[in-house]
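Below you'll find the structure, written out as structure tokens, and then a few comments.
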Amino acid sequence: MSTFTFETTPRVICEVDGALRLGSLCRELGAERVLLVSDPGLQRAGLLEAPMQALRDAGVSVTLYSDVQADPPEASVLDAVAAGRNCQAQAVIGLGGGSSLDTAKLVALLCGHEQALPDIYGINLAKGPRLPLIQVPTTAGTGSEVTAVAIVTTPSHEKKGVVSPLLYPDIALLDARLTVGLPAAVSAMTGVDAMVHAIEAYTSKHKKNVLSDGLALQALRLLGGNLDRVLAEPGDLQARSDMLLGSMLAGMAFANAPVAAVHALAYPLGGHFHVPHGLSNALVLVPVLNFNRSVAQPLYAELAATVLPGQRFDTPVLACEAFIAFMTALVARMPFAQRLAEVGVTPADLDRLSDDAMKVERLLINNPRPVTRADARAIYASVL
């Protein structure tokens with residue numbers, strides 16, 4: 001008999017132009033003053049104007065914090081918290097990619113209950129209450145709108161996480177219209193990121209369960225079936241909506257069946273070389289799949305049926321090989337860097353990367369196959 005716990009965001013709204021409902025949603029949460037957390041790119045693209053006007057039209061006072069940095073450093077998070085306190089925000093809206101959503105989580109938490117950010121790195125160390133929180137993703141990748149984790153880059157360039165059920169937002173709002181203008185490379189990176197979430201949740205050594213499995217499979221079906229489509233037809237709202245939905249389902253899966261070695265090896269690339277998180281995952285995905293195949297073969301075989309519907313395989317071994325070949329070809333045709341050297345990594349960096357990857361024990365323990373420092377170094381070296 002299965003024994004497990006499953007948690008997720010209590011309310012999900014999936015609707016094209018749903019961001020225009022933000023004013024009424026804030027009113028429902030009892031908020032008349034809100035902080036909108038986003039990034040400079042979205043502000044320059046003009047994507048914040050309509051949601052902000054919708055808030056004003058509903059009589060909600062909105063203050064914009066648009067200085068979120070990628071892989072948010074502590075200082076950036078604390079600046080956003082100060083903005084929330086200065087405007088006496090009664091609710092927080094995160095609108096953007098994973099960095100904006102993670103920052104918004106921490107703003108809602110730290111404005112709701114004052115505590116030192118470094119003191120709450122880890123699992124269930126945060127204290128509530130937090131401010132009401134709405135998350136509006138503009139990339140189909142991180143799934144942060146349905147996870148209880150916020151990742152911060154420390155002054156020593158380590159990626160550390162605040163992990164607490166308090167970080168689940170009140171509402172996740174999926175509006176495909178907001179993803180239409182994404183550059184192809186961003187759509188590709190975030191799409192592969194979401195696929196990694198589904199794969200690692202499905203193969204996680206700990207907490208894998210029937211609900212996370214079902215969500216991971218459906219996520220992988222939606223993501224694998226639409227990623228090429230959104231790159232070829234960026235304005236296809238149905239494909240964009242399916243990608244957002246797939247990303248969210250993958251987020252629900254890995255929030256309950258946690259990710260593993262791909263993410264553990266990706267984090268040092270972001271911390272030291274400022275490689276976007278989705279690209280960091282993509283760079284090490286295939287070598288980790290190959291590393292895991294001896295142990296994860298039956299599970300990879302099951303995933304083959306999802307990404308290659310209608311194909312029959314005579315043995316699980318052949319199905320596993322087909323799945324890895326599918327992911328290898330998918331990553332190879334994406335419009336982003338394919339080797340570590342292309343993002344500035346040199347042979348002299350491999351030891352530092354390997355040392356830092358081994359510090360991400362909370363994720364490495366979830367990998368189907370144990371990873372040693374030598375293994376990590378070999379994986380990095382294979383894609384240098």
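For the cross-link pairs Lys105/Lys205; Lys160/Lys207; Lys127/Lys208; Lys105/Lys208; Lys127/Lys205, which exceed 23 Å when the distance is taken from alpha carbon to alpha carbon? In this structure, Lys105/Lys205; Lys127/Lys208; Lys105/Lys208; Lys127/Lys205 exceed 23 Å between Cα atoms. Inter-label distance, Gln338 to Ala232: 2.0 nm, where each label sits 7 Å from its Cα along the C-beta direction. Residues whose amide H lies under 5 Å from that of Gly96, counting only those 5 or more places away or on a different chain, are Val136, Thr138; hydrogens are built 1.01 Å from N in the peptide plane.
Simple spin-label estimate for Arg373 and Gln43 gives 4.3 nm between the two label positions (7 Å along the Cα-to-Cβ direction from each Cα). Would you work out which of Leu222, Tyr121, Thr203 lies farthest towards the positive end of the dipole of the chain, given +1 charges on the beta-carbon of Lys and Arg and -1 on that of Asp and Glu, about the Cα centre? In the chain, that residue is Thr203.
Computed about its Cα centre, the charge dipole of the range 74-206 is approximately 120 debye, with only Lys, Arg, Asp and Glu carrying charge at their Cβ.
Values of log10 I(q)/I(0) for the range 1-63 across q = 0.29 Å⁻¹ run -1.27, by the Debye formula with one identical scatterer at each alpha carbon and no solvent.
Helix 261-273 axis versus longest C-alpha principal axis of the chain: approximately 60°, rounded to the nearest ten. Across the options Asn281, Gln297, Gly112, the greatest Cα extent toward the positive end of the charge dipole of the chain (unit charges at beta carbon of Lys, Arg, Asp, Glu) belongs to Gln297.
Where both bridge residues fall in the chain, DSSP classifies roughly 20% of the beta bridges as antiparallel. Placing unit charges on each Cβ (+1 for Lys and Arg, -1 for Asp and Glu) gives the chain a dipole about its Cα centre, and among Ser241, Leu353, Ala376 the Cα reaching farthest toward its positive end belongs to Ala376. Only helices enter this figure: runs of n ≥ 4 DSSP H residues, each worth -39500 (n - 2.57), summed and divided by the residues of the chain, yield -16500 deg cm²/dmol at 222 nm to the nearest 500.
Once backbone amide H atoms are built at 1.01 Å from N, Thr9 has no partners under 5 Å, excluding neighbours fewer than 5 places away on the same chain.
Starting with the fewest neighbours, write out Glu7, Glu200, Glu361 ranked by other beta-carbon atoms found within 10 Å of each beta-carbon. Let's see the in-between values first.
Numbers: Glu7 13, Glu200 28, Glu361 10.
With the fewest neighbours first, Glu7, Glu200, Glu361 line up as Glu361, Glu7, Glu200.
With a/c under 1.5 counting as rounded, go ahead and sort the range 161-295 into rounded, prolate or oblate using the C-alpha gyration tensor (a ≥ b ≥ c being the square roots of the eigenvalues; past the cut-off, prolate if a/b is larger than b/c, else oblate).
Working: a/c = 1.44, a/b = 1.23, b/c = 1.16.
Rounded, because the longest to shortest axis ratio a/c is under 1.5.
Compared with the dominant Cα axis of the chain, that is its longest principal axis, helix 373-382 is turned about 90°.
When the Cα atoms of the range 184-382 are aligned to their principal axes, the ranges along those axes come out at 44, 36, 30 Å in descending order. How far is helix 98-112 tilted, in degrees, relative to the longest principal axis of the Cα atoms in the chain, given as a value from 0 to 90 rounded to the nearest 10? Between helix and principal axis, roughly 50 degrees. Gaussian network model of the chain, Cα springs within a sub-10 Å range: biggest mean-square fluctuation belongs to which of Arg221, Arg130, Arg56? With Cα springs under 10 Å in the chain, the top fluctuation among Arg221, Arg130, Arg56 is at Arg56. For the chain, modelled as a GNM whose springs connect Cα atoms under 10 angstrom apart, the maximal fluctuation among Pro347, Pro368, Pro268 occurs at Pro347. For the range 12-29 and the range 72-110, compute the distance between their C-alpha centroids and round to whole Å. Taking the Cα centre of the range 72-110 as reference, the centre of the range 12-29 is 19 Å away. In this Cβ point-charge picture (+1 for Lys and Arg, -1 for Asp and Glu), the chain has a dipole of about 460 debye about its Cα centre.
Around Asp170, with a cut-off of 12 angstrom between Cβ atoms, what is the net charge of the other residues, counting Lys and Arg +1 and Asp and Glu -1?
Details: positive: Arg11, Lys105, Arg130; negative: Glu28, Glu145.
Here the count lands on +1.
Other residues whose C-beta falls under 12 angstrom from the C-beta of Ala91 contribute a net charge of 0, scoring Lys and Arg +1 and Asp and Glu -1.
With Cα atoms defining each centre, the range 114-169 and the range 299-332 are spaced 34 Å apart in the structure.
A Gaussian network model of the chain, with springs between Cα atoms under 10 Å, assigns the largest mean-square fluctuation among Asp170, Asp356, Asp236 to Asp236. The range 357-384 and the range 217-267 have their alpha-carbon centroids 23 Å apart.
If the chain between Ser24 and Asp355 were fully stretched, how many nm would it gain, using 0.36 nm times the residue separation less the Cα-Cα distance?
Details: separation 331, 0.36 × 331 = 119.16 nm, distance 4.85 nm.
Length difference between fully extended and current span is 114.3 nm.
Every number here is computed from the coordinates shown, using simple stated rules; none is lab data. As the structure is a computational prediction, the values presented were derived from the model and not from experiment. For neighbour counting, all protein chains shown are included, and Cβ atoms are generated from backbone atoms with ideal geometry for every residue, glycine included.
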